[in-house]
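Shown next, in structure tokens, is the structure this report addresses.
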Amino acid sequence: MSRVSLVPCALALAIAAFATAPARAAVPGLGGWDVDQQYTVMEAGVMHPLPDGAFHGEQHVAGTQMRDALAAIAARLGVAPVPAPDGRLSVYAFDRLLVDQLGLADVAAAVSLETRRAGLNPPARFGTEVVARQLGLRFNHPWPHDIDELYPTDAITRAEAAWSFAQVLGFDGSQVAYARAVFARYALPRYTAAQAVALRIAVARVGMPYVWGGEADVPQAARSPLGPQAHGGYDCSGLVWRVFKLTGLPAGRAILGRTAAEMAAEIPRRARLRLDQVAPADLVFFGPGRFWQKATERRIVHVGIAMSPDFMINSSGQGVTVAPLFEDWRVHEFSWAGAL
């Protein structure tokens, strides 16, 4: 089972920091934060050093580089390469090409179509980013390196591309098949007006990066109760705070605490919901805490917003995205839910 969609807020920093530690020594001039992945893609012939012999992870990916990379990936898959445009590519454009190359363009389109049908007005990037992040194609830069995050509209760097390509090189086919199976269950219910308003706000943020303490689309000097936000983006409870509290929705009046644990503690025990009782726009809480226990920062480590009995929208290691609720490991980590 894939566990790429949910990294508990309290653990995302530690996990991402560990993931950035390269096993190989940096080569002078190679640059970047993902030295191992840069070596991997060069050794596989997916990406190449630039004319001066260095990788230059800080530079942007150009069309020719992307075409060469897709051709190398396609050869490994035994399929034809998808065409890539000239010029720089945004994160979203890069993800779209890679999702297409992996044969999941129809899944991304179906996810977008179902979300539009439900009246949630998804951005053009929605389906692509949901599928790409289910596959684990994005990297979470840990605090205090949040400034290195990219918005989905930013030009993708060679270092970010190398990370994504390295993940694909490690695929054995099961990851793509699993993503297709997950989203075969993506069906959204009819929403009330209040549910639709809240979920539209959340859906519009899909593709935004995970930023610890983040609760806005742009950097905030000291607005967050958790401190300054160096880059626009969201942590798990920050997304909930944005959707219900900062937008002034009536349901937000029930939220006083800023962290996932504080929000969970505001749900009276008699009002707690089990997973099979979850309705759209309910808050769903995860961690080692059990249904009958008191909410603490150690017991409740993550929160999302339910879209249906099977899916939630949340911000975790893959940024703001849609994640399934029915996976065995996620069911095991579910603590309780609550209606606002």
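Note on the stretch 273-288: residues that are more than 17 Å from residue 249 (Cβ to Cβ), in contact with a helix residue (DSSP H, G or I) (Cβ under 9 Å, 6 or more places away or on another chain) and of a type outside the set (Gly, Ala, Ser) total 5. Identify, from the list 265, 254, the residue that is of a type in the set (A, V, I, L, M, F, W, C), touching a residue at least 60 places away in the same chain (Cβ under 8 Å) and surrounded by fewer than 23 Cβ atoms within 10 Å (Cβ to Cβ). Within the list 265, 254, the selection yields 254.
If you check residue 61 against the conditions, is it touching a strand residue (DSSP E or B) at 6+ places or on another chain (Cβ under 9 Å) and buried (at least 17 other Cβ atoms within 10 Å of the Cβ)? Explain how you work it out, then say what you get.
Details: touching a strand residue (DSSP E or B) at 6+ places or on another chain (Cβ under 9 Å): yes; buried (at least 17 other Cβ atoms within 10 Å of the Cβ): yes.
Yes, satisfied.
Hey, among 237, 308, which residue is among the small types (Gly, Ala, Ser), more than 23 Å from residue 146 (Cα to Cα) and either in a helix (DSSP H, G or I) or modelled with pLDDT of 95 or more (or both)? Talk me through it step by step, then tell me what you get.
Working: 237 fails: more than 23 Å from residue 146 (Cα to Cα).
Matching residue, one of 237, 308: 308.
Mind listing just one residue for me: the one in the stretch 268-290 that is surrounded by 15 or more Cβ atoms within 10 Å (Cβ to Cβ) and more than 25 Å from residue 189 (Cβ to Cβ) and, of those, farthest from the chain's Cα centre (by Cα)? The qualifying residue farthest from the chain's Cα centre (by Cα) is 289. Of the residues that sit in the stretch 325-340 and are at pLDDT 95 or above and among the aliphatic types (A, V, I, L, M), which one is surrounded by the fewest Cβ atoms within 10 Å (Cβ to Cβ)? Out of the qualifying residues, it is 331.
Residues that are free of Cβ contacts under 8 Å to residues at least 24 places away in the same chain: find the helices (runs of 4 or more DSSP H) completely inside the stretch 60-161 holding 3 or more of those. Give the derivation first.
Values: elements: 63-77, 91-101, 105-117, 126-134.
In the stretch 60-161, 63-77, 105-117 are the helices (runs of 4 or more DSSP H) which contain 3 or more residues that are free of Cβ contacts under 8 Å to residues at least 24 places away in the same chain.
The residues of the stretch 125-180 that are over 14 Å from the mean Cα position of the chain (by Cα), acidic (Asp, Glu) and within 19 Å of residue 207 (Cβ to Cβ), listed by number, are 146, 148, 154, 160.
Kindly indicate which of 279, 216, 264 is hydrophobic (A, V, I, L, M, F, W, C), modelled with pLDDT under 95 and under 22 Å from residue 195 (Cα atoms). Steps first, please.
Values: 279 fails: modelled with pLDDT under 95; 264 fails: modelled with pLDDT under 95.
Only one candidate passes the filter, namely 216.
The values are calculated or read from the model by the stated rules, or taken from the named source; none is laboratory data. Bear in mind the structure is a predicted one, so any value in this text is a computation, not a measurement. Note that we place each Cβ from the backbone using ideal geometry, even for glycine, and neighbour counts take in every protein chain shown.
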